[in-house]
1. Please determine whether any residue of region 153-164 is closer than 30 Å to residue 37 by Cβ, touching a helix residue (DSSP H, G or I) at 6+ places or on another chain (Cβ under 9 Å) and not assigned by TED's automatic domain parsing to the domain that holds residue 35.
2. Kindly indicate the residue of region 125-137 that is among the polar types (S, T, N, Q) and touching a residue at least 24 places away in the same chain (Cβ under 8 Å) and also surrounded by the most Cβ atoms within 10 Å (Cβ to Cβ) among those meeting that condition.
3. Can you tell me which condition residue 72 does not meet? The list is (1) polar (S, T, N, Q); (2) at pLDDT below 95; (3) within 30 Å of residue 27 (Cα to Cα); (4) outside the structural domain of residue 48 (by TED's automatic domain parsing), and all the others hold.
4. Show the residue pairs that are 6+ apart or on different chains and have beta-carbon atoms under 6 Å apart, the first residue being within region 138-154 and more than 15 Å from residue 100 (Cβ to Cβ), the second being surrounded by fewer than 18 Cβ atoms within 10 Å (Cβ to Cβ) and of a type in the set (Asp, Glu).
5. Taking region 64-84, which residues are in a helix (DSSP H, G or I) and among the β-branched types (Val, Ile, Thr)?
6. I'm told residue 94 meets every condition in (1) outside the structural domain of residue 27 (by TED's automatic domain parsing); (2) at pLDDT below 95 except one. Can you identify the failing condition by its number?
7. Search region 149-166 for residues being in contact with a strand residue (DSSP E or B) (Cβ under 8 Å, 6 or more places away or on another chain) and not in a strand (DSSP E or B), and hand back the single one that is surrounded by the most Cβ atoms within 10 Å (Cβ to Cβ).
Amino acid sequence: MSTSVISDTPATEDLGAGTHTLSVFVNNKAGVLMRICQVFARRGFNIDSLVVSQGRSQRFSRMTIGISGDPQGLEQIIKQVSKLIDVIHCSEHNSDDAVTRELCMVKIKCSPSERSQALQITEHFSGKTVDLTPSSMIVMITGDSPKIDAAITMFSQFEIIETVRTGKVVMARGEQPT
C-alpha cells in the first residue's frame, strides 16, 4: 500500500497562533462577502475555511469563518467587520460555547482485498461509504476538525486520490443565538 496525499490536503502546521472560528450574521446582499474578506486581507489574515448559507429568512446569511492568527489581530478584525454596512453581528466561538462540525469526503484507491480494512476505518469514525467501485471508494466523515484530520491520517495507509472538506459550521450551545 502506498501513501500519497495529494496537494489538496494540506499538512497540519503549527503556525504559532491559535485557530479561531467566527460567526458573522449579515444582510443577504451582493458584495458583503467581498467587503468582509477585504478586512481579513488588509490585516494579513488568511481564511482557512469559509461557509456561507442563507438564514431562515432569505434576507439574511450566516458566515462561518475559520482563521489562524494572534488574538490581538483577531480582536481588531471582529471590531472592523462589526462596523461594516450589512453586518448585523460578528462573534468568535470556541468549543466551550458552541458546537463546531465539518464534513469531509475522502476518495481512496482500494482493492477488494483492502476493502474490509477501509470499511473498518470508516465505521470507526462513524462515516458512510457514498461510492464504491472495484478499485476505489469514497467515504464521508463528519465531526470536528481533529476527528477529520485523524480520519485522513488513517486513510493515508491507502492511496488517497482526492479529499474535499466543507469547512466548519458552528452553532452556539443552549438557547443563546449564534
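1. To start, the set of residues in region 153-164 that are closer than 30 Å to residue 37 by Cβ comprises 160, 162-164.
Those left that are additionally touching a helix residue (DSSP H, G or I) at 6+ places or on another chain (Cβ under 9 Å): 160, 163.
Still in the list and also not assigned by TED's automatic domain parsing to the domain that holds residue 35: 160, 163.
For region 153-164, residues closer than 30 Å to residue 37 by Cβ, touching a helix residue (DSSP H, G or I) at 6+ places or on another chain (Cβ under 9 Å) and not assigned by TED's automatic domain parsing to the domain that holds residue 35: present.
2. Kept after step one, since they are among the polar types (S, T, N, Q), are these residues of region 125-137: 126, 129, 133, 135-136.
Pick out the ones that are also touching a residue at least 24 places away in the same chain (Cβ under 8 Å) and you get 135-136.
Numbers: 135: 11, 136: 17.
Restricting to residues being among the polar types (S, T, N, Q) and touching a residue at least 24 places away in the same chain (Cβ under 8 Å), the top hit is 136.
3. Condition (4) is where residue 72 drops out.
4. 138/131
5. First pass over region 64-84, keeping only residues in a helix (DSSP H, G or I): 71-83.
Answer for region 64-84, where residues must be in a helix (DSSP H, G or I) and among the β-branched types (Val, Ile, Thr): 77, 78, 81.
6. If we test residue 94 against (1) outside the structural domain of residue 27 (by TED's automatic domain parsing); (2) at pLDDT below 95, just (1) comes out false.
7. As a first pass, look at region 149-166 and keep what is in contact with a strand residue (DSSP E or B) (Cβ under 8 Å, 6 or more places away or on another chain): 151-152, 155, 158-166.
If we keep only those that are not in a strand (DSSP E or B) too, we end up with 151-152, 155, 158, 166.
Numbers: 151: 23, 152: 19, 155: 26, 158: 23, 166: 16.
Only one residue tops the list, namely 155.
Conditions (1) in contact with a Ser or Thr (Cβ under 6 Å, 6 or more places away or on another chain); (2) at pLDDT 90 or above, marked per residue:
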position: 3; (1), (2): yes, no
position: 9; (1), (2): yes, no
position: 25; (1), (2): no, yes
position: 28; (1), (2): yes, yes
position: 45; (1), (2): no, yes
position: 49; (1), (2): no, yes
position: 53; (1), (2): no, yes
position: 61; (1), (2): no, yes
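The values are calculated or read from the model by the stated rules, or taken from the named source; none is laboratory data. Since the structure is predicted, the reported quantities are computational estimates derived from the model, not experimental observations. FYI the Cβ positions are ideal-geometry reconstructions off the backbone, even for glycines, and counts take in every protein chain you see.
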